[in-house]
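Engineer: Can you read through this structure? Questions will come right after.
The values are calculated or read from the model by the stated rules, or taken from the named source; none is laboratory data. Note that the structure is a prediction, hence the values are computed from the model and not measured. Glycine also receives a Cβ, built like all others from the backbone with ideal geometry; neighbour counts cover every protein chain displayed. In case anyone asks, the SASA skips ligands and DNA or RNA and just uses the protein heavy atoms, side chains included. Shrake-Rupley method; radii C 1.70, N 1.55, O 1.52, S 1.80 Å.
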Amino acid sequence: MLVIIKNNYEEMSNEAAKIVADRLRKKPDLVLGLATGSTPLGLYKELIRMYKEEGLDFSKVTTFNLDEYVGLPPTHNQSYHYFMYENFFNHININPRYIHIPHGMAKDVDTFCDWYEKRIIECGGIDLQILGIGANGHIAFNEPGSSLGSRVRIKTLTEKTRNDNARFFASMDEVPKYAITMGIGTVMDSKEIILIANGEKKANAIKDAVEGPITGMCPATIVQMHRKVYVLLDKEAASKLKGDYVDSWEAKVFS
Ligand code: F6R
């Protein structure tokens, strides 16, 4: 694990983009795992800038998103499909045929989940997975209590998550009840991981994930078992850590 602490969100996002760009230049047909949410927006913005100004080439990249709501069509403005196209894919030269996002309208969800898991393997496995973290330590839609060996599957959303999301929908009935998510085992099979977190509200989850005991009650703690994970933070998210950490991804001090 390499914990990198930057001064602010912008520096954190740009540092993450440097790692992605480095891997992409070394392997143009990179298989990239992607997250939605507010945290990776700065990273996507910087990658778009690198595409436009530096010619960073996404034409051979394959992507796999972590999760999607069940029951929302790709055109719904709260779907993760919509989010990814709006905030990233529409602005780079990615081939749409190489984009994978769990299909929220799949007729047979279990069969779809098995297919998604196999498709990752068929594409050679995920080279680099981008992860955010929930304030309760969740990764993807793996909430506390998830099996640390879990694979792609359907999960029931907690009442808290549904209530938190209610503001984005016309009524509570429209708020999705289920999501398809990569499992913790699926995420851990990635060759490299960048976990990004910013802001004080993530400080406790980061303290647990980096320095706490490994437990399914804080799914992100499993990254301590990964052979190559960058935990990239701003000062607020890192504020409760006790150890000594670095400020650049180029430091060769993986613990
Ligand atoms: C999104 C995802 C979630 C988020 C997490 C943090 O695809 O898998 O686990 O990474 O909820 O969300 P933000 O970045 O909005 O704080």
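Engineer: For region 146-162, name all the residues that are more than 12 Å from the ligand (Cβ to nearest atom) and open to solvent by less than 20 Å² (accessible area, probe 1.4 Å).
Structural biologist: Result: S150, V152.
Engineer: Note down all Cβ pairs under 7 Å where the first residue falls in region 86-111 and is farther than 16 Å from D29 by Cα, the second is hydroxyl-bearing (S, T, Y) and crowded, with 17+ Cβ neighbours inside 10 Å, and they're at least six residues apart or on different chains.
Structural biologist: N87/Y44; F88/Y44; I101/Y80; P102/Y116; G104/Y69; G104/S79
Engineer: Restricting the search to region 220-241, which residues are over 17 Å from the mean Cα position of the chain (by Cα) and surrounded by fewer than 22 Cβ atoms within 10 Å (Cβ to Cβ)?
Structural biologist: Those that are over 17 Å from the mean Cα position of the chain (by Cα) and surrounded by fewer than 22 Cβ atoms within 10 Å (Cβ to Cβ): M225, R227, K235, E236, S239, K240, L241.
Engineer: With away from the ligand (no atom under 13 Å from the Cβ) and open to solvent by 50 Å² or more (accessible area, probe 1.4 Å) as the only criterion, which of M188, M217 stands out?
Structural biologist: On the way: M188 fails: open to solvent by 50 Å² or more (accessible area, probe 1.4 Å).
Unique residue meeting the criteria: M217.
Engineer: Also, I was wondering about something else. Pick from E53, E46: which is open to solvent by 10 Å² or more (accessible area, probe 1.4 Å), charged (D, E, K, R) and either part of a loop (DSSP other than H, G, I, E, B) or more than 16 Å from the ligand (Cβ to nearest atom) (or both)?
Structural biologist: Numbers: E46 fails: either part of a loop (DSSP other than H, G, I, E, B) or more than 16 Å from the ligand (Cβ to nearest atom) (or both).
It is E53.
Engineer: Condition first: open to solvent by less than 10 Å² (accessible area, probe 1.4 Å) and either aromatic (F, W, Y) or over 11 Å from the mean Cα position of the chain (by Cα) (or both). Now tell me which residues in region 26-43 satisfy that.
Structural biologist: Of everything in region 26-43, those that are open to solvent by less than 10 Å² (accessible area, probe 1.4 Å) and either aromatic (F, W, Y) or over 11 Å from the mean Cα position of the chain (by Cα) (or both) turn out to be L30, V31, L43.
Engineer: Any idea which residue in region 33-43 is nearest to T186 (Cα to Cα), counting only those that are of a type outside the set (G, A, S) and assigned to a loop (DSSP other than H, G, I, E, B)? Give the derivation first.
Structural biologist: Filtering region 33-43 down to residues of a type outside the set (G, A, S) leaves 34, 36, 39-41, 43.
Those left that are additionally assigned to a loop (DSSP other than H, G, I, E, B): 36, 39-40.
Numbers: T36: 17, T39: 21, P40: 20 Å.
Among those that are of a type outside the set (G, A, S) and assigned to a loop (DSSP other than H, G, I, E, B), it is T36.
Engineer: Now for a different question. Report every pair of residues separated by at least 6 positions or lying on different chains whose Cβ atoms are under 6 Å apart, first residue within region 32-43 and over 21 Å from N165 (Cα atoms), second more than 8 Å from the ligand (Cβ to nearest atom) and in a loop (DSSP other than H, G, I, E, B).
Structural biologist: Cβ pairs passing all conditions: L32/V61; G33/I126; G33/S190.
Engineer: Taking only pairs six or more apart or across chains, which ones have beta-carbon atoms under 6 Å, a first residue in region 118-145 that is within 30 Å of K26 (Cα to Cα) and open to solvent by 10 Å² or more (accessible area, probe 1.4 Å), and a second residue that is of a type in the set (K, R) and in a loop (DSSP other than H, G, I, E, B)?
Structural biologist: Between residues of region 118-145 that are within 30 Å of K26 (Cα to Cα) and open to solvent by 10 Å² or more (accessible area, probe 1.4 Å) and residues that are of a type in the set (K, R) and in a loop (DSSP other than H, G, I, E, B), the close pairs are D127/K191.
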